[in-house]
1. Taking a ≥ b ≥ c as the square roots of the eigenvalues of the Cα gyration tensor of region 1-100, is the shape rounded (a/c under 1.5), prolate (a/b larger than b/c) or oblate?
2. Ignoring ligands, DNA and RNA, what percent of the 1.4 Å accessible area of the chain is carbon and sulfur?
3. For the chain, modelled as a Gaussian network with Cα springs under 10 Å, which listed residue fluctuates most, 104, 158, 129?
4. Dipole of the chain, Cα-centred, from +1 at each Lys and Arg C-beta and -1 at each Asp and Glu C-beta, to the nearest 20 debye?
5. Using R₀ = 30 Å, calculate the FRET efficiency as 1/(1 + (r/R₀)^6) where r is the Cβ-Cβ separation of residue 36 and residue 177; round to 0.05.
6. Hey, how many Å between the Cα centroid of region 1-53 and the Cα centroid of region 113-159?
7. Determine ³J(HN,Hα), in whole Hz, for all residues of region 172-177 in sequence, where each value follows from phi through the Karplus function 6.51 cos²θ - 1.76 cosθ + 1.60 and θ = phi - 60°; x replaces Gly and Pro.
8. Residues of the chain: accessible area per residue at 1.4 Å, in Å²?
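The values are calculated or read from the model by the stated rules, or taken from the named source; none is laboratory data. For clarity, every value in this text was computed on a predicted model and none was experimentally measured. We place every Cβ from the backbone using ideal geometry, glycine too, and count neighbours over all the protein chains shown. Only protein heavy atoms, including side chains, enter the accessible area calculation; ligands, DNA and RNA are left aside. Shrake-Rupley method; radii C 1.70, N 1.55, O 1.52, S 1.80 Å.
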Amino acid sequence: MKNKYVSTRGQVVSLVKQRRKRYVYRNMKLARYAVSFEDVESMMMLENPQTTEEQSVKNFQATWQLLVDSKDVPADYRFLLKLHGILMKGLNTGVKSEMSMDQIDQLHTMINQPTKCYTEVALDCLLYILGKRLFADGDVRVALMFANKIMMDHGCGIITISEYNDAEFRRLLHVFNETGDGEPLKNWLYGCSIEGKNFE
């Protein structure tokens with residue numbers, strides 16, 4: 001596996017800023033909210049969210065902003081827990097504030113794989129978070145955003161699941177959960193769910 005896109009962090013940030021509404025909309029659809037793109041666009045303008053949908057939109061929006069702003073912050077277990085706190089804010093679900101030493105060590109191993117490209121490292125981290133079910137709720141959300149922290153920091157593009165690909169993602173995630181084999185999901189994500197630009 002090799003990086004599909006070669007760019008700088010700043011160039012990926014520019015891409016996210018251009019497509020932020022699209023990415024928040026896709027986040028919402030993946031989280032099973034029955035919203036239209038226009039709904040999401042309106043909710044992103046709200047100051048004080050009142051509904052679960054409005055709060056989730058604001059949370060996704062805040063998470064993308066954190067990724068944009070966190071240039072000098074390492075992708076580690078602390079950042080993972082921070083992402084979970086932002087993504088689940090105000091949703092009446094438990095927010096995890098700690099991880100076991102084994103989980104911290106395993107995540108560190110996933111992040112630091114010198115023989116793999118950063119795109120594959122990001123996908124491995126995504127699968128690790130999903131496979132270990134580190135959180136009572138929000139695993140898919142936080143796994144995707146943590147993987148995108150790695151992708152963005154290394155100029156590799158963005159992992160994003162389009163509405164068209166939602167059903168196939170869920171099917172492969174089910175296979176992963178049932179069998180423990182993450183390779184089909186990993187290969188599919190690599191082939192179908194990475195956006196970016198090459199600047200070489």
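1. Oblate, since a/c reaches 1.5 and b/c is not below a/b.
2. 48 percent
3. Fluctuation is largest for 104.
4. The calculation lands at about 360 debye.
5. In this case the efficiency is close to 0.55.
6. Using only Cα atoms to place each centre, the spacing works out to 17 Å.
7. Computed from phi, the couplings for region 172-177 are 5, 5, 4, 4, 4, 5 Hz.
8. Per-residue value: 50 Å².
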